[in-house]
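Okay, structure first, notes after.
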Amino acid sequence: MLKLVSESMASLTKLQNAFDRLLRGHKITENGQIVWNDYFGCRTGIAFLEELQKVYPKVMINRDPRRRTLALFGPEHERGLVRNEILARARLLQTQRRRRYPMPPELIDLFLSGDLAKLRSELGSENVWFHLTNKQ
């Protein structure tokens with residue numbers, strides 16, 4: 001439990017705001033926009049973030065796929081290094097091409113039977129996916 005005390009309401013408000021920011025961490029943004037890519041929610045992206053935490057053990061990365069945010073906790077200098085690595089990866093991901101192919105209904109069962117698993121093992125699960133709702 002933490003108790004914030006001040007004789008001045010203005011000082012208490014400043015202190016509370018600073019503490020709230022500390023609890024939420026520093027969200028990764030660029031040009032005022034939250035930085036997120038679905039990659040950070042997949043197995044390979046999670047492994048990338050975990051590796052960053054091993055390289056920079058003083059920094060904790062909070063990944064929130066529901067809110068589509070990444071927040072950093074730790075010393076400012078190390079946070080900056082981790083932020084730069086994440087921004088570099090996000091920029092690289094933006095340059096990559098994605099293709100979506102509609103799947104004819106008569107081929108869905110054939111595709112899901114084993115071909116999808118084979119394709120995912122050959123190309124990586126983060127590179128091949130099937131969206132059953134959209135049939136793509």
Excluding ligands, DNA and RNA, the carbon-plus-sulfur percentage of the accessible area of the chain with a 1.4 Å probe reads 52
Check residue 29: other-chain or 5+ apart residues with amide H under 5 Å from its amide H, H built from backbone geometry? 35
Ranked by how many other beta carbons lie within 10 Å on average, peptides 102-108, 47-53 from highest: 47-53, 102-108
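Using 1/(1 + (r/R0)^6) with R0 = 25 angstrom and r between the beta carbons of residue 60 and residue 94, what's the FRET efficiency to the nearest 0.05? Don't jump to the answer; show the numbers that get you there.
Working: r = 25 Å, r/R0 = 1.02.
Plugging the Cβ-Cβ distance into 1/(1 + (r/R0)^6) gives 0.50.
Which order do 38, 109 take by accessible area at a 1.4 Å probe, largest first?
Numbers: 38 85, 109 125 Å².
Of 38, 109, the descending order of accessible area is 109, 38.
Cα-based count: Lys pairs in the chain below 28 Å, eight or more positions apart or different chains?
Details: 3/14; 3/27; 3/58; 14/27; 14/58; 27/54; 27/58; 118/135.
Close lysine pairs under the 28 Å cut-off: 8.
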With bins 5 Å wide starting at 0, give me the P(r) of the chain over every alpha carbon pair, in whole percents. 2, 8, 14, 16, 13, 11, 11, 8, 6, 4, 3, 2, 1, 1, 0
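The values are calculated or read from the model by the stated rules, or taken from the named source; none is laboratory data. As the structure is a computational prediction, the values presented were derived from the model and not from experiment. Virtual Cβ from ideal backbone geometry, glycine too; neighbours counted across all protein chains shown. What goes into the accessible areas is simple: the full protein's heavy atoms, side chains included, and nothing from ligands, DNA or RNA. Shrake-Rupley method; radii C 1.70, N 1.55, O 1.52, S 1.80 Å.
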